[in-house]
Amino acid sequence: MRHLLFTACVTVFAMSSAAQAEYQKVQSQADFISVVNGKKLTRPLVELEVSPTGAIRGTGAAWKVSGKWVWKDGYFCRSLEWGEDDLGYNCQEVAVNGAKIRFTSDKGAGKSASFSLRRR
């Protein structure tokens, strides 16, 4: 049940194709780090920090979120745990639009989740 709630929180805001055109794909690890360094990634019920050294931590619907990430072949590849649930490994396309960042699972072919970027 918690897994379904977290998934709903992370994927509830699907982007229309017109809105997607405003986002620019992040091409490199250095660019990704410059976008997320010193920021919190927030959306309703979710607050995450993605460190330049490969750690992910935060909360989702009041449960602890933790994981690790690497940049591989142009994608953000992460393993993630939410509370007691292992959400697995997934490589995601990353795109930015001003103070927004969007992650699209399955190398850009899956569901998207957008976050606001806020200073810590």
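Consider the stretch 75-114 and keep the residues that are over 17 Å from LYS40 (Cβ atoms), in a strand (DSSP E or B) and aliphatic (A, V, I, L, M). The one that is most open to solvent (accessible area, probe 1.4 Å) is LEU87.
Can GLU93 be described as closer than 20 Å to SER116 by Cα and in contact (Cβ under 8 Å) with a residue 60 or more places away in the chain? Spell out how you get there, then give the answer.
Working: closer than 20 Å to SER116 by Cα: yes; in contact (Cβ under 8 Å) with a residue 60 or more places away in the chain: yes.
Considered against the rule, which asks whether it is closer than 20 Å to SER116 by Cα and in contact (Cβ under 8 Å) with a residue 60 or more places away in the chain, GLU93 comes out as yes.
Return yes when ASP86 is modelled with pLDDT of 95 or more and at negative phi and no when it is not. Yes, satisfied. Note on the stretch 1-74: enclosed helices (runs of 4 or more DSSP H) holding 1 or more residues that are at pLDDT 95 or above and open to solvent by 30 Å² or more (accessible area, probe 1.4 Å) are 29-36.
Out of all the residues in the stretch 66-83, which are without any contact (Cβ under 8 Å) to a residue 24 or more places away in the chain and of a type outside the set (Phe, Trp, Tyr)?
SER66, GLY67, LYS68, VAL70, LYS72, ASP73, CYS77, ARG78, SER79, GLU81
The values are calculated or read from the model by the stated rules, or taken from the named source; none is laboratory data. Treat the numbers as computed from the prediction; the structure is a model and nothing was measured. Positions of Cβ are backbone-derived with ideal geometry, glycine not excepted, and every protein chain shown enters the neighbour counts. Each accessible area value is taken on the protein alone, full model and side chains, heavy atoms only, with ligands, DNA and RNA left out. Shrake-Rupley method; radii C 1.70, N 1.55, O 1.52, S 1.80 Å.
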